[in-house]
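**Q** My questions will all concern the structure given below.
We did not get these values from a lab; they are worked out from the coordinates using the rules stated. Keep in mind it's a predicted model, so treat the numbers as computed, not measured. A quick note on method: Cβ atoms are made from the backbone with ideal geometry, for glycine too, and the neighbour counts reach across all protein chains shown.
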Amino acid sequence: MCFSWDVMWRRVKCVFPLMMVVGCAVEPVQGTSSTGVPDDPTPEQPTPTTSTTTNAVTTEPEPDMAGGATSTTGTGTTTGMLPDFGEGEGCDKIDVVYVVSPFVPKEHRATVREGVLHFNERLVETFTPNIDLHIMVTDEMIEWTGEQCESECTSNGSCEASGNPEFPCGDLFNVHRCEKLAGAAHMFPIGLGAANRMCGETKHMRFLDTQTPDLLGKLDCATNKRPFDGVLAGHPTDALVTAVTGQGPDDCNQGFLRDDAILFIVYITNLAEPWDWPGTPSPEETAALLFSVKSKDQLGIAALLGDNTQPNPTCQPGYNVEHKKKIFTLVEDLIPHHVWGSICAPDVRPVFDDAIELMLDMCISYVPQ
């Protein structure tokens, strides 16, 4: 990164002091290119285990105006702009993993989608000017949602169940093997109201980066996940741990994670995981697995969760209450850098604004090893 004291001073005025918010704008910059992995035979399904990852630093959760709860980490007062760092200071790489459950409650899908689109836009405009991004999208589904369309495409030449009269059956029959694995990089969301098309330029494009042409458009496409009725959901935490462990299931995420990058997780789920199942790690064990991949200073999370176990909930009473409490244990108590909000809140964009502030704080304070 180039360094200029004049540029540095103009940008530092935007980020210092951190206790003041200064309205600095960043011009969006688009990029070009992406990474693929070889197309090998499909392996066995990964073993599920759900939970969430978050980052909390010093602040306590406060009820929001809608009755949901949010908790943030760091100062949360940066300006949406990064300074030009000096030699050996700050971050220059961020790996972003979206674990987006298709099973958002129907009455909240529009607001959650609006929040995700808002975050996508802020992520691209804030960081692509001088940060090398890797961005991957996955979910926790046990069953591949494309099977329903595969059947319809075979018999009818189209998939009416998707709601897309121009569903690309030709691409579906040639889909990348990794699309069928929980925790693997996904670029072809399939479901009623989902993107229902291949979001990358080729099926081998497994994740996006700063240089990807039309980065924001492809990211909006890849994060547009919706379910079909009757398809089995899975275990969100297992998908998360699988996504960031090694190279992912069957090496599907090869090249995504970088040792010298901050890892930031966008975790959206209303599911609860039975932590007492044999072989399912506890929240403490799950946190340990994540910290074996990244140190606490390198790991952050933004989570939208069902909050019906929390004070002043915005979600309706639900099932598996004790299981959901353990997800909050993971998110709030075990991961130092986090922000969370209710998946049922009438507006989730503030949570994602806090997530951008958290990423900026982490990036500014990061000391490369």
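**Q** What ranking of L358, L216 emerges when the number of other C-beta atoms within 10 Å of each C-beta is taken as an exposure proxy, fewest first?
**A** Lowest count first: L216, L358.
**Q** Among the listed pairs K180/K325; K296/K325; K106/K225, give every one whose C-alpha distance is greater than 18 Å.
**A** Exceeds cut-off: K180/K325; K296/K325.
**Q** For the residues R258, R226, R349, what sequence is obtained by ranking on other C-beta atoms within 10 Å, fewest first?
**A** R258, R349, R226
**Q** Please give me the summed charge of the neighbours of H118: other residues whose Cβ is under 13 Å from its Cβ, Lys and Arg +1, Asp and Glu -1.
**A** It works out to a net charge of -4.
**Q** Quick one: what are the phi-derived ³J(HN,Hα) couplings along the stretch 247-256, Karplus 6.51/-1.76/1.60 with θ = phi - 60°, whole Hz, x for glycine and proline?
**A** 9, x, x, 6, 6, 5, 9, 4, x, 6
**Q** Tally Lys and Arg at +1 and Asp and Glu at -1 over the other residues with C-beta under 14 Å from the C-beta of L172: what net charge comes out? Can you show the working numbers first?
**A** Values: positive: R177, K180, R197, K203; negative: E147, E150, E152, E160, E166, D171, E179.
Around L172, the charge tally is -3.
**Q** Subtract the Cα-Cα distance of E285 and V367 from 0.36 nm times their separation in residues, and report this length gain in nm to one decimal.
**A** 26.9 nm
**Q** Pick out, from L232, G248, A261, the residue whose Cα sits farthest towards the positive end of the charge dipole of the stretch 221-266, with +1 on the Cβ of Lys and Arg and -1 on the Cβ of Asp and Glu.
**A** In the stretch 221-266, that residue is L232.
**Q** Also: Whole-Hz Karplus ³J(HN,Hα) for the stretch 334-351, in order, using 6.51 cos²θ - 1.76 cosθ + 1.60 and θ = phi - 60°, x for Gly and Pro?
**A** Whole-Hz 3J(HN,Hα) from phi for the stretch 334-351: 10, 10, x, 10, 8, 9, 9, x, 6, 5, 9, 5, x, 8, 9, 4, x, 4.
**Q** R0 = 35 Å: FRET efficiency of K106 with D260, Cβ-based, nearest 0.05?
**A** Values: r = 42 Å, r/R0 = 1.19.
That pair, K106 with D260, gives E of 0.25.
**Q** Still on this structure: What are the GluC sites (Glu not before Pro) within the stretch 149-195 that DSSP puts in a loop, where the Cβ has at most 11 other Cβ atoms within 10 Å?
**A** E166
**Q** Using Cβ contacts closer than 10 Å as the measure, can you line up T138, T126, T145 from fewest to most?
**A** Least to most surrounded, the residues fall as T126, T145, T138.
**Q** So what are the ³J(HN,Hα) numbers for the stretch 303-315, from phi and the Karplus equation (6.51, -1.76, 1.60; θ = phi - 60°), rounded to whole Hz, Gly and Pro as x?
**A** 10, 10, 10, x, 9, 6, 9, 9, x, 6, x, 9, 7
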